[in-house]
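The values are calculated or read from the model by the stated rules, or taken from the named source; none is laboratory data. Since the model is a prediction, treat every value here as computed from it, not as a measurement. Neighbour counts run over all protein chains shown; Cβ positions are idealised from the backbone, glycine included. Heavy atoms of the whole protein, side chains included, go into the accessibility calculation; ligands, DNA and RNA do not. Shrake-Rupley method; radii C 1.70, N 1.55, O 1.52, S 1.80 Å.
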Amino acid sequence: MHQGSNSRRDTRRTRARSVFHNLFKTQRYFGNRELSRSPYKGAAPAITDLMGRQIQVMFTTVASCASLVEAGQLRAIGVTSAERSASFPQLPTVSEAGVSGYAAESWYGLYAPANTPPEIIDRLNKSAAKAVQAEAFKRLSVNEGLVMVAQPPAELDRYFAGEEARWRKVIKDAGIKAE
C-alpha cells in the first residue's frame, strides 16, 4: 500500500469530499500515517496529476481508472471494500494489504417518501430486484466496479444503521471535526 518515501509523513491526495474525504481521514486512522488532502474538481484532473507525479496516490472509482490501469498507465494498489472487486479480482483489499479491518464502501439505496403505501414499496422493491438481475445491469455493475444487491427495505434499514454506527465510531476515535 505504501509506495515511495520511508518517512512517517506521506503526502497523499484525494479527489472529492464526502466518502473520499472520510476515507482519507480514516486512512490516517487505520494506517497510522499523517496525510494531507488536496481537493480536486473531479477525477480527471486528479488522475492527470497522479500520472504526472504531482501527487503520489488517490482514492477513486473503478470506472474512472480501469482503462488506465489495464493500459499500464496507472498502478492500482488495492480496493477499499471488504471483499475483492469483480472488476479487478487480482487486487487485494486494503485489509489484505496490511491495514487490518479496513473497509470503506460507497453505497446507494432506493428510497421513497415516508408515507408511501406498503404495497407501492413492495412493488418498487420487486421491480428493483428484477432489474439488478438483468444482463445489462450485471454488465454495468462489473464495468463500473459496483456490487448490486436487492434486499427488502428492512435489510436496508439494518445496513444503514450499522454503517451509521460504524462511521460514528471511526469519526469519534479519529477526532474528525466538521469543517
task: Looking at (1) surrounded by 14 or more Cβ atoms within 10 Å (Cβ to Cβ); (2) within 20 Å of the chain's Cα centre (by Cα); (3) at pLDDT 90 or above, find the lone condition where residue 125 falls short.
output: (2)
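Matching residues to (1) surrounded by fewer than 12 Cβ atoms within 10 Å (Cβ to Cβ); (2) among the hydrophobic types (A, V, I, L, M, F, W, C); (3) farther than 21 Å from residue 83 by Cβ; (4) out of contact with any His (no Cβ under 7 Å at 6 or more places or on another chain):
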site	(1), (2), (3), (4)
133	yes, no, no, yes
146	no, yes, no, yes
171	no, yes, yes, yes
174	no, yes, yes, yes
query: Could you count how many residues in the stretch 65-85 are surrounded by fewer than 17 Cβ atoms within 10 Å (Cβ to Cβ), part of a loop (DSSP other than H, G, I, E, B) and more than 14 Å from the chain's Cα centre (by Cα)?
result: 4
query: Take the residues of the stretch 150-167 that are hydrophobic (A, V, I, L, M, F, W, C) and either in contact (Cβ under 8 Å) with a residue 60 or more places away in the chain or surrounded by 12 or more Cβ atoms within 10 Å (Cβ to Cβ) (or both): which is nearest to residue 124 (Cα to Cα)?
result: 150
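Yes or no: residue 114 free of Cβ contacts under 8 Å to residues at least 60 places away in the same chain, open to solvent by less than 90 Å² (accessible area, probe 1.4 Å) and hydrophobic (A, V, I, L, M, F, W, C)? Spell out how you get there, then give the answer.
Details: free of Cβ contacts under 8 Å to residues at least 60 places away in the same chain: yes; open to solvent by less than 90 Å² (accessible area, probe 1.4 Å): no; hydrophobic (A, V, I, L, M, F, W, C): yes.
Considered against the rule, which asks whether it is free of Cβ contacts under 8 Å to residues at least 60 places away in the same chain, open to solvent by less than 90 Å² (accessible area, probe 1.4 Å) and hydrophobic (A, V, I, L, M, F, W, C), residue 114 comes out as no.
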query: Looking at 39, 89, 45, which one is assigned to a helix (DSSP H, G or I) and out of contact with any Asp or Glu (no Cβ under 9 Å at 6 or more places or on another chain)?
result: 45
query: For the stretch 80-105, what are the residues that are in contact (Cβ under 8 Å) with a residue 60 or more places away in the chain and of a type in the set (A, V, I, L, M, F, W, C)?
result: 86, 94, 97, 99, 104
